[in-house]
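I have placed the structure first, in the form of structure tokens, so that the comments after it can refer back to it.
The values are calculated or read from the model by the stated rules, or taken from the named source; none is laboratory data. Not measured: the values here are computed from a predicted model. All Cβ positions, even for glycine, are placed from backbone atoms using ideal geometry, and neighbour counts span all protein chains on display. In case anyone asks, the SASA skips ligands and DNA or RNA and just uses the protein heavy atoms, side chains included. Shrake-Rupley method; radii C 1.70, N 1.55, O 1.52, S 1.80 Å.
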Amino acid sequence: MPSSVIAAYHYNEATHILTIKYVSGIVYEYLGVPVAVYDEMKKWTSKGSFLNKKIKGNYDFRKVEEE
């Protein structure tokens, strides 16, 4: 999953939280993301584009940590 924006991502199906670690080291949790949206994200070649089009602005988020 090479991305110029996303270093890593993880989805917790029990809590519907999508965790995104950006290449800058900043980590955000996007809340209430349905599993269907996460499944769609896995299929996209550009995870950054998916994030911008389908996640940002559509789900609440919180900053978790910065490395």
Mind listing just one residue for me: the one in segment 35-45 that is touching a residue at least 24 places away in the same chain (Cβ under 8 Å) and of a type in the set (A, V, I, L, M) and, of those, most open to solvent (accessible area, probe 1.4 Å)?
-> 35
Single condition residue 61 does not satisfy, out of (1) out of contact with any Asp or Glu (no Cβ under 7 Å at 6 or more places or on another chain); (2) at pLDDT 95 or above; (3) surrounded by 11 or more Cβ atoms within 10 Å (Cβ to Cβ); (4) not aliphatic (A, V, I, L, M) = (1)
Within segment 36-62, the residues that are hydrophobic (A, V, I, L, M, F, W, C), part of a helix (DSSP H, G or I) and within 12 Å of the chain's Cα centre (by Cα) are 37, 41, 50, 51, 55
Of the residues that make up segment 21-34, is at least one of a type outside the set (S, T, N, Q), open to solvent by less than 40 Å² (accessible area, probe 1.4 Å) and part of a helix (DSSP H, G or I)?
-> no
May I ask you to verify whether residue 61 is out of contact with any strand residue (DSSP E or B) (no Cβ under 8 Å at 6 or more places or on another chain) and among the aromatic types (Phe, Trp, Tyr)?
-> no
Return the residue satisfying two criteria in turn: it lies in segment 1-11 and is closer than 13 Å to residue 64 by Cβ and touching a Leu at 6+ places or on another chain (Cβ under 8 Å), and of such residues it is surrounded by the fewest Cβ atoms within 10 Å (Cβ to Cβ).
-> 10
